[in-house]
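Worksheet for the structure shown next.
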Amino acid sequence: MFPICHIVKKIAREAAVAGALAFLCAPVEAHIGSPVKVSLASADAPRRGEAATIYVVLQSAADVNQAEYALVPPAGWQVIDGPTQWTGSLKAGQRMEFQMKAIPLSDDPGALQASVRVPNQPESKTTLRTDRMGGQFPEKAGLEETPAAKNGSRYAEEVIEATFEPGAALPEPANATEPILPGQPEKQTTVLEAQDAKSAKGQRSAAVSINASGRFTYLDDNGVRRPVRFATVELWNENPFPSLGDERCAKGITDTNGNFTLGASCGDLFDGPDLFVRLVLSNSVVEVKPDNVFAGTYTFRSSTKQDSPGGNVSFGTLTLTSNKEAAQAHNIIMRAHDFMATVNEGMSKVTVLWPGEGTFYTPVLNTITIEPERPFDGEGDIYHEYGHHILITKAESPIPDYDNGVCDQPDNPGHCIFQPEKGVISWTEGWPDFFGALMQARHNAEDGYGATRYQFETLPTVDVTAAERDNVEGIIAGILWDLTDSANDDQGEQGPGRRDNFSMTFAQMWNVIKNFDPSDSLLHNHPTSIHELFAGFQELQSGNINKIAEIYREHGINKAQPDLTVTALENPPTQLPRGTTFNLSSTVRNEGNERVNAGYTVRFQLINSANLGFTIGTRTVAANMAAGTSNTAAVNVTVPGTLTPGTYTLRACVDAFGAVPEEDETNNCRDSAKTTVQ
């Protein structure tokens, strides 16, 4: 929403879609053995009465619709924190992590056991014996260890908790350059040569080479570990003399799994550098701040590794323990940005203000303000606001009049998803509604967002007139959803044969939005309504316009379609011995106002007194039959030798297998004279 309309009747909005169906998941692929493996590990040795952190890793080898994880109730343990059960879907190659705390109740508490069940697949089980505890957590197995870790220290294996530094202002080197994400047009700099006043004054000893690595993560609202993706990470040398300032040794970007590697050269006054890493929720795409554009950016700092001798330095897994909602918001914006990169759109930078009063997008400032609970309870809302950013910066989004007496409150104009508003609202808000639903469905399994009110596969009953349907943003979002969705709910009122599983790609839709010019005005170069979008489809997706029109009509917005009929059918011979072959002529016509995109079949049958049909032949008509044109042809047909003797009616039906969406699906057949089968 725009700032003018961020006060919305959310209760009515949520209730309107409460009955919508959940998104459908892909079927489970067949595998030998379980497609999901489970493992347990702990870096803590078991000590009676002391809490140990237990890590659970689920690794999926295939897309699974439903996986059920469960920790077998441990007799010798007491679980005090973290999930012991989980059910959800996983994508092929997806890795999911849980963290829980359990207390041994005795000196020999026994093993911990867990399992994962996938329907119709073997069960995956794992056991964590106490003699295996205190070892290395599996995700760190590939990291280089410091000499201290190799000597048995738990330094590199512990999960280091980061802290939040509100408005922290560490000194910036003179040549500081903001890290640029991979694929961005600007030059990327992942490692910077340190510039520090101490170096210029010759106050430090000889520098040592360092290769720092680690991973920044946070636990979501379900206790599942999530990486902080593509955020800025800095390596610093802490100076014991505050007046001299700390030295930043390197700067880079975390990867898609939150991992980072920084090469640097750092020195200290008397001994090895005292190293810490600092995460900054900012990059060339998004910056997350408290609710003030002039506030500092959210930063998170690790503990300090004193007197490092250099070489490989592992910071392990760093867990953000405060303001993790800010990291979640950062990740959501990165998902949206990366998605738009798949259609070759380099999006401008967005500033996220959290926590704010309301959730809305401000065009002039390119800011998205987010309410406190939204990062973990309204991910679709954040994607929705980014949808505004997409339309405004890459296409067109007319500013509507929200204050029209529909879903308004005193001094707070708003809008509702399933009530008619003034026309432009339906596009300005409907397209972001669709984008929010699309992105949440796309990333829900991997990122665990959960349910959303942006669900448009099956719409609730909307009490509006036919003339108002294109003023309802939920209907517009429903059309856009059905254009790209593969599920067919056949919810329209136009009779059997209707389909809404077109599966248009987002790239195809975006091509029309980006490249179709609906007017001669220099100020209006992109579609700004569902009707202008249809005109764009007619020009750029003409070969699919019948299916596109069918989806529009299913939602009560009528567009021109073909209408196939049989206008002439030759009478059969009055007597037909079984097994007889005869020549039969017929004429079909497109009575509609749109070209037929697909080829179709004309079927000929003999119909008995019980209205049962027996096929005696078919003929095909090629695609691209223009509106108002006819096709006449004769084919040989044969009476089945097994047909029961009696009186039959000859019937011809055009588009017998429903290949063509039509304006009227009930006028496709024509009967000729009766005949006697002998």
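Values quoted throughout were computed directly from the atomic coordinates according to the rules given, and no laboratory measurement underlies them. Because the structure is predicted, anything quoted here is derived from the model rather than measured. FYI the Cβ positions are ideal-geometry reconstructions off the backbone, even for glycines, and counts take in every protein chain you see.
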Roughly speaking, what is the stretch gain from Thr484 to Ile399, that is 0.36 nm per residue apart minus the C-alpha to C-alpha distance, in nm to one decimal? 28.0 nm
Expected sort for 329-341, 459-471 on mean C-beta neighbours within 10 Å, highest first, is 329-341, 459-471
Evaluate the distance, in nm, between pseudo-label points positioned 7 Å from the Cα of Glu238 and of Ser521 along their respective Cα→Cβ axes. 6.0 nm
Each label point is 7 Å from the Cα along the Cα-to-Cβ direction; what then is the distance between the points at Ala633 and Ser303, in nm? 8.0 nm
Would you pull out the residues with amide H under 5 Å of Asn312's amide H, same chain only if 5 or more places away, H placed 1.01 Å from N? Asn211
Using DSSP to call loops (not H, G, I, E or B), can you name the chymotrypsin sites (Phe, Trp or Tyr not before Pro) in region 238-331 whose Cβ has at most 10 other Cβ atoms within 10 angstrom? Phe270, Phe294
Which of the peptides 223-233, 120-130 is most tightly packed, and how do the rest follow, going by the mean number of other Cβ atoms within 10 Å of each residue? 223-233, 120-130
Please sort 563-571, 449-457 by packing, taking for each peptide the average over its residues of neighbouring beta carbons within 10 angstrom, highest first. 449-457, 563-571
Which far-off residues, 5 or more places away or on another chain, put their amide H under 5 Å from the one on Asp485, with H placed in the peptide plane? Phe502, Ser503, Met504
Working out 0.36 nm times the residue gap between Lys349 and Thr127, then minus their Cα-Cα distance, what length gain in nm do you get to one decimal? 75.2 nm
Quick calc of log₁₀ I(q)/I(0), region 564-677, Debye, one scatterer on every Cα, no solvent, q values 0.11, 0.15, 0.22 1/Å, result -0.35, -0.62, -1.15
Suppose R0 equals 41 Å. What FRET efficiency, 1/(1 + (r/R0)^6) with r the Cβ-Cβ distance, do His531 and Thr615 give to the nearest 0.05? 0.45
Taking amide H positions as placed in the peptide plane 1.01 Å from N, state which residues far from Gly296 in sequence (5 or more) or on other chains have amide H under 5 Å from it. Gly167
